[in-house]
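Working notes, beginning with the structure itself.
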Amino acid sequence: MDKTMNVVDLLLKLLSCKSLTPDDAGSLNLIETYLDEYEALYVNKEGVKNLFLSKKFGEGEHLCFAGHVDVVPAGDKWDTNPFVPVIKEGNIYGRGTQDMKAGVAAFVQTCKDATTFKGRLSILLTSDEEGEAKYGTIVMLEHLKKEGLLPDYAIVAEPTCEAVFGDAIKIGRRGSINGYLSIEGKQGHAAYPEKAINPLHQIAPILANIAGIHLDNGDDDFAPSQMVLTDIRGGMQVTNVTPSDLKLMFNVRNSTKTTQKEISLI
Ligand SMILES: [Zn+2]
(Lines give C-alpha, C1' and ligand atoms only; values in the text may rest on other atoms or scores of the structure.)
Protein backbone atom coordinates (compact mmCIF):
# COMPACT_ATOMS: atom_id res chain seq x y z
CA MET A 1 0.00 0.00 0.00
CA ASP A 2 1.10 3.53 -0.77
CA LYS A 3 2.85 4.82 2.36
CA THR A 4 2.15 8.44 1.44
CA MET A 5 -1.60 7.91 1.59
CA ASN A 6 -3.40 10.36 3.87
CA VAL A 7 -6.85 10.38 5.45
CA VAL A 8 -8.50 11.94 2.39
CA ASP A 9 -6.94 9.37 0.05
CA LEU A 10 -8.13 6.63 2.38
CA LEU A 11 -11.68 8.04 2.43
CA LEU A 12 -11.77 8.29 -1.37
CA LYS A 13 -10.69 4.64 -1.64
CA LEU A 14 -13.35 3.56 0.86
CA LEU A 15 -16.01 5.49 -1.05
CA SER A 16 -14.98 3.71 -4.23
CA CYS A 17 -15.92 0.36 -2.65
CA LYS A 18 -19.52 -0.40 -3.59
CA SER A 19 -20.28 -1.74 -0.13
CA LEU A 20 -24.05 -2.12 -0.31
CA THR A 21 -25.13 -3.74 2.94
CA PRO A 22 -24.05 -6.40 3.88
CA ASP A 23 -21.26 -6.56 1.27
CA ASP A 24 -18.03 -4.92 2.43
CA ALA A 25 -16.79 -4.90 -1.20
CA GLY A 26 -13.14 -5.09 -0.19
CA SER A 27 -13.18 -2.16 2.21
CA LEU A 28 -12.26 -4.25 5.27
CA ASN A 29 -9.21 -5.70 3.52
CA LEU A 30 -8.22 -2.22 2.46
CA ILE A 31 -8.29 -1.02 6.08
CA GLU A 32 -6.52 -4.13 7.35
CA THR A 33 -3.70 -3.57 4.86
CA TYR A 34 -3.49 0.13 5.73
CA LEU A 35 -3.22 -0.63 9.45
CA ASP A 36 -0.64 -3.37 9.03
CA GLU A 37 0.83 -2.77 12.50
CA TYR A 38 -2.45 -3.83 14.08
CA GLU A 39 -3.38 -7.44 14.71
CA ALA A 40 -6.32 -8.41 12.55
CA LEU A 41 -9.11 -10.76 13.50
CA TYR A 42 -11.99 -11.58 11.17
CA VAL A 43 -15.22 -13.07 12.46
CA ASN A 44 -17.51 -13.96 9.58
CA LYS A 45 -21.03 -15.25 9.86
CA GLU A 46 -23.82 -15.84 7.35
CA GLY A 47 -21.86 -14.07 4.62
CA VAL A 48 -21.15 -11.01 6.78
CA LYS A 49 -17.54 -9.95 7.30
CA ASN A 50 -16.48 -8.31 10.54
CA LEU A 51 -12.99 -7.08 11.34
CA PHE A 52 -11.33 -6.35 14.68
CA LEU A 53 -7.95 -4.63 14.63
CA SER A 54 -6.05 -4.10 17.82
CA LYS A 55 -2.70 -3.04 19.17
CA LYS A 56 -1.47 -3.14 22.73
CA PHE A 57 0.71 -0.14 23.52
CA GLY A 58 1.02 -0.88 27.22
CA GLU A 59 -0.83 -1.86 30.35
CA GLY A 60 -4.06 0.06 30.79
CA GLU A 61 -7.57 0.37 29.51
CA HIS A 62 -8.88 -0.67 26.15
CA LEU A 63 -10.38 2.00 23.90
CA CYS A 64 -12.22 0.84 20.80
CA PHE A 65 -13.37 2.79 17.76
CA ALA A 66 -16.45 1.17 16.30
CA GLY A 67 -18.17 1.62 12.98
CA HIS A 68 -19.55 0.17 9.78
CA VAL A 69 -18.43 0.20 6.18
CA ASP A 70 -21.74 -0.75 4.56
CA VAL A 71 -24.08 1.77 2.98
CA VAL A 72 -27.73 1.90 1.98
CA PRO A 73 -28.63 1.80 -1.74
CA ALA A 74 -27.83 5.03 -3.54
CA GLY A 75 -31.14 5.70 -5.25
CA ASP A 76 -31.26 7.22 -8.74
CA LYS A 77 -31.17 10.98 -8.19
CA TRP A 78 -27.40 11.38 -8.24
CA ASP A 79 -25.67 13.77 -10.65
CA THR A 80 -22.59 11.55 -10.67
CA ASN A 81 -21.80 7.89 -10.00
CA PRO A 82 -22.34 7.54 -6.21
CA PHE A 83 -19.42 5.12 -5.96
CA VAL A 84 -16.97 7.35 -7.79
CA PRO A 85 -16.33 10.07 -5.19
CA VAL A 86 -15.83 13.66 -6.31
CA ILE A 87 -14.39 16.66 -4.49
CA LYS A 88 -16.32 19.82 -5.24
CA GLU A 89 -15.84 23.19 -3.54
CA GLY A 90 -14.10 21.63 -0.59
CA ASN A 91 -16.70 18.92 -0.02
CA ILE A 92 -16.46 15.22 -0.79
CA TYR A 93 -19.49 13.59 -2.42
CA GLY A 94 -20.12 9.84 -2.64
CA ARG A 95 -22.50 7.32 -1.10
CA GLY A 96 -21.63 6.79 2.56
CA THR A 97 -19.37 9.82 2.92
CA GLN A 98 -21.24 10.98 5.98
CA ASP A 99 -22.65 7.68 7.21
CA MET A 100 -20.04 6.70 7.98
CA LYS A 101 -16.93 6.27 5.88
CA ALA A 102 -15.56 9.71 6.78
CA GLY A 103 -15.78 8.75 10.45
CA VAL A 104 -14.16 5.38 9.77
CA ALA A 105 -11.34 6.98 7.75
CA ALA A 106 -10.78 9.49 10.57
CA PHE A 107 -10.43 6.88 13.30
CA VAL A 108 -8.36 4.53 11.14
CA GLN A 109 -5.95 7.39 10.47
CA THR A 110 -5.94 8.29 14.19
CA CYS A 111 -4.93 4.73 15.06
CA LYS A 112 -2.28 4.69 12.34
CA ASP A 113 -0.78 7.93 13.62
CA ALA A 114 -0.89 6.91 17.31
CA THR A 115 2.59 6.39 18.73
CA THR A 116 1.78 6.20 22.44
CA PHE A 117 -1.27 5.08 24.36
CA LYS A 118 -1.78 3.85 27.91
CA GLY A 119 -3.40 0.55 27.06
CA ARG A 120 -4.92 -1.04 23.98
CA LEU A 121 -6.35 0.70 20.93
CA SER A 122 -8.70 -1.18 18.68
CA ILE A 123 -11.11 -0.84 15.79
CA LEU A 124 -14.28 -2.86 15.36
CA LEU A 125 -15.77 -2.77 11.88
CA THR A 126 -18.78 -4.50 10.42
CA SER A 127 -20.52 -4.56 7.05
CA ASP A 128 -23.87 -5.42 8.61
CA GLU A 129 -25.22 -2.25 10.18
CA GLU A 130 -27.55 -0.69 7.62
CA GLY A 131 -29.58 -3.83 7.07
CA GLU A 132 -30.66 -6.54 9.48
CA ALA A 133 -27.59 -5.93 11.65
CA LYS A 134 -27.82 -9.46 13.00
CA TYR A 135 -24.36 -10.74 12.21
CA GLY A 136 -22.28 -7.63 12.73
CA THR A 137 -21.22 -5.93 15.94
CA ILE A 138 -23.25 -8.34 18.08
CA VAL A 139 -21.37 -11.37 16.71
CA MET A 140 -18.01 -9.67 17.09
CA LEU A 141 -18.71 -8.61 20.68
CA GLU A 142 -19.75 -12.15 21.60
CA HIS A 143 -16.44 -13.38 20.19
CA LEU A 144 -14.39 -10.69 21.95
CA LYS A 145 -16.10 -11.53 25.23
CA LYS A 146 -14.95 -15.14 24.90
CA GLU A 147 -11.42 -13.97 24.12
CA GLY A 148 -11.38 -11.57 27.09
CA LEU A 149 -10.96 -8.67 24.70
CA LEU A 150 -14.07 -6.61 25.36
CA PRO A 151 -13.24 -2.90 25.23
CA ASP A 152 -13.61 -0.71 28.31
CA TYR A 153 -14.75 2.26 26.22
CA ALA A 154 -15.98 2.73 22.68
CA ILE A 155 -16.21 5.73 20.39
CA VAL A 156 -18.63 5.39 17.50
CA ALA A 157 -17.98 7.83 14.69
CA GLU A 158 -21.53 7.96 13.38
CA PRO A 159 -22.52 11.43 12.16
CA THR A 160 -24.10 13.41 15.00
CA CYS A 161 -23.33 17.03 14.14
CA GLU A 162 -26.23 19.47 14.17
CA ALA A 163 -24.69 22.30 12.16
CA VAL A 164 -20.91 22.30 12.36
CA PHE A 165 -18.36 19.58 12.89
CA GLY A 166 -17.98 18.49 16.49
CA ASP A 167 -20.94 20.44 17.88
CA ALA A 168 -22.69 17.35 19.28
CA ILE A 169 -21.38 14.29 21.04
CA LYS A 170 -23.94 11.68 22.00
CA ILE A 171 -23.44 9.66 25.13
CA GLY A 172 -24.79 6.16 24.63
CA ARG A 173 -26.98 5.08 21.79
CA ARG A 174 -30.71 4.94 21.22
CA GLY A 175 -32.43 1.72 20.37
CA SER A 176 -34.55 1.23 17.29
CA ILE A 177 -37.90 -0.52 17.47
CA ASN A 178 -39.85 -1.32 14.32
CA GLY A 179 -43.55 -2.01 14.40
CA TYR A 180 -45.97 -3.38 11.82
CA LEU A 181 -49.70 -3.07 12.22
CA SER A 182 -52.27 -4.54 9.90
CA ILE A 183 -56.01 -4.16 10.00
CA GLU A 184 -58.23 -6.58 8.13
CA GLY A 185 -61.52 -5.10 6.96
CA LYS A 186 -64.03 -5.89 4.27
CA GLN A 187 -63.89 -4.31 0.85
CA GLY A 188 -66.91 -2.42 -0.34
CA HIS A 189 -68.27 0.24 -2.67
CA ALA A 190 -67.96 3.83 -1.53
CA ALA A 191 -71.65 4.28 -2.29
CA TYR A 192 -72.60 1.63 0.31
CA PRO A 193 -70.20 2.12 3.24
CA GLU A 194 -72.59 0.39 5.61
CA LYS A 195 -71.94 -2.90 3.78
CA ALA A 196 -68.14 -2.68 4.18
CA ILE A 197 -65.69 -2.66 7.06
CA ASN A 198 -63.40 0.22 6.17
CA PRO A 199 -59.99 -0.09 7.90
CA LEU A 200 -59.19 3.53 7.02
CA HIS A 201 -62.16 4.70 9.07
CA GLN A 202 -61.20 2.30 11.83
CA ILE A 203 -57.67 3.64 12.17
CA ALA A 204 -58.52 7.32 11.73
CA PRO A 205 -59.40 8.04 15.40
CA ILE A 206 -56.48 5.87 16.61
CA LEU A 207 -53.91 7.78 14.52
CA ALA A 208 -54.19 10.88 16.67
CA ASN A 209 -53.25 8.80 19.71
CA ILE A 210 -50.14 7.22 18.19
CA ALA A 211 -48.71 9.60 15.58
CA GLY A 212 -45.70 11.41 17.02
CA ILE A 213 -46.51 10.68 20.64
CA HIS A 214 -43.73 10.61 23.20
CA LEU A 215 -43.39 7.37 25.12
CA ASP A 216 -41.19 8.96 27.78
CA ASN A 217 -39.64 12.33 28.60
CA GLY A 218 -36.10 11.38 27.67
CA ASP A 219 -33.24 12.47 29.90
CA ASP A 220 -30.12 14.63 29.83
CA ASP A 221 -28.54 12.48 27.13
CA PHE A 222 -31.50 11.47 24.99
CA ALA A 223 -34.56 13.10 23.44
CA PRO A 224 -37.93 11.51 24.29
CA SER A 225 -38.73 8.22 22.56
CA GLN A 226 -41.14 9.18 19.82
CA MET A 227 -43.54 7.01 17.87
CA VAL A 228 -42.84 7.91 14.24
CA LEU A 229 -45.20 6.57 11.60
CA THR A 230 -43.25 5.65 8.49
CA ASP A 231 -45.74 4.10 6.11
CA ILE A 232 -49.46 3.65 5.79
CA ARG A 233 -51.17 2.02 2.86
CA GLY A 234 -54.41 0.44 1.86
CA GLY A 235 -56.83 0.70 -1.03
CA MET A 236 -56.48 0.59 -4.77
CA GLN A 237 -55.85 4.26 -5.54
CA VAL A 238 -59.44 4.75 -6.60
CA THR A 239 -62.21 6.86 -5.10
CA ASN A 240 -65.10 4.44 -5.37
CA VAL A 241 -63.85 1.30 -3.59
CA THR A 242 -63.03 1.10 0.11
CA PRO A 243 -60.00 -1.00 1.08
CA SER A 244 -60.10 -4.57 2.33
CA ASP A 245 -57.10 -4.09 4.59
CA LEU A 246 -54.57 -1.57 5.78
CA LYS A 247 -50.91 -1.77 6.74
CA LEU A 248 -49.05 0.68 8.89
CA MET A 249 -45.39 0.79 9.89
CA PHE A 250 -43.73 2.74 12.64
CA ASN A 251 -40.36 3.21 14.23
CA VAL A 252 -39.30 4.35 17.67
CA ARG A 253 -35.75 5.49 18.36
CA ASN A 254 -35.98 4.76 22.03
CA SER A 255 -34.08 6.38 24.83
CA THR A 256 -33.01 4.32 27.83
CA LYS A 257 -36.30 5.34 29.50
CA THR A 258 -38.31 3.01 27.27
CA THR A 259 -37.39 -0.58 26.55
CA GLN A 260 -38.54 -2.92 23.82
CA LYS A 261 -40.27 -5.00 26.46
CA GLU A 262 -42.26 -2.02 27.69
CA ILE A 263 -43.29 -0.95 24.22
CA SER A 264 -44.58 -4.40 23.34
CA LEU A 265 -46.99 -4.14 26.27
CA ILE A 266 -48.54 -0.84 25.13
ZN1 LIG B 1 -24.30 4.70 10.25
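Between Val241 and Leu181, the contour length at 0.36 nm per residue exceeds the Cα-Cα span by 19.4 nm. Computed about its Cα centre, the charge dipole of the chain is approximately 400 debye, with only Lys, Arg, Asp and Glu carrying charge at their Cβ. Under a GNM of the chain (C-alpha, springs under 10 Å), which listed residue has the highest mean-square fluctuation: Asp79, Asp219, Asp113? Judging by the Gaussian network model, the answer is Asp79.
As a test, work out the antiparallel percent of DSSP beta bridges whose residues both lie in the chain, rounded to the nearest 5. Write down the numbers at each step before the final one.
Values: 36 of 49 bridges.
Looking only at bridges with both residues in the chain, the antiparallel portion is about 75 percent.
In this label model, Thr4 and Lys118 are separated by 3.9 nm, measuring between points 7 Å along each Cα→Cβ vector.
Where Rh is the Kirkwood radius over the Cα pairs of the chain, the temperature 25 °C and the viscosity 0.890 mPa s, what D in µm²/s does Stokes-Einstein return? Spell out each step's value before the answer.
Details: Rh = 21.6 Å.
Value of D from the Cα-based Kirkwood radius: 114 µm²/s.
Stretched out fully, how many nm does the piece from Asn29 to Lys170 gain, at 0.36 nm a residue minus the Cα gap? Display every interim value, and only then the final one.
Working: separation 141, 0.36 × 141 = 50.76 nm, distance 2.93 nm.
This chain segment gains 47.8 nm when fully extended.
Expressed as a whole percent, the accessible surface of the chain that belongs to carbon and sulfur atoms is 53, based on a 1.4 Å probe. Compute the Kirkwood hydrodynamic radius of the stretch 177-265, taking the inverse of the mean of 1/r over all pairs of distinct Cα atoms, and give it in Å to one decimal. Kirkwood radius, the stretch 177-265: 14.6 Å. For the chain, a Gaussian network of Cα nodes joined below 10 Å ranks Cys64, Cys161, Cys111 by mean-square fluctuation, and the top entry is Cys161. Based on DSSP H segments of at least four residues, each scored -39500 (n - 2.57), the chain has a per-residue ellipticity at 222 nm of -6500 deg cm²/dmol.
Relative to the current alpha-carbon distance between Lys146 and Glu262, full extension at 0.36 nm per residue lengthens the span by 38.7 nm. Comparing Asn50, Leu246, Leu229 along the charge dipole axis of the chain, the residue lying farthest to the positive side is Leu246, per the Cβ-charge model. For the chain, relative contact order (Cα pairs under 8 Å, six or more residues apart, normalised by length) works out to 18 percent. Over the chain, accessible surface divided per residue gives 61 Å², non-protein components excluded, 1.4 Å probe.
The values are calculated or read from the model by the stated rules, or taken from the named source; none is laboratory data. It should be emphasised that the depicted structure is a prediction, and the values quoted were computed from it without experimental measurement. Heads up, the Cβs are rebuilt from the backbone with ideal geometry, glycines too, and the neighbour counts pull from every protein chain shown. Heads up: the accessible areas ignore ligands, DNA and RNA and are worked out on the full protein's heavy atoms, side chains in. Shrake-Rupley method; radii C 1.70, N 1.55, O 1.52, S 1.80 Å.
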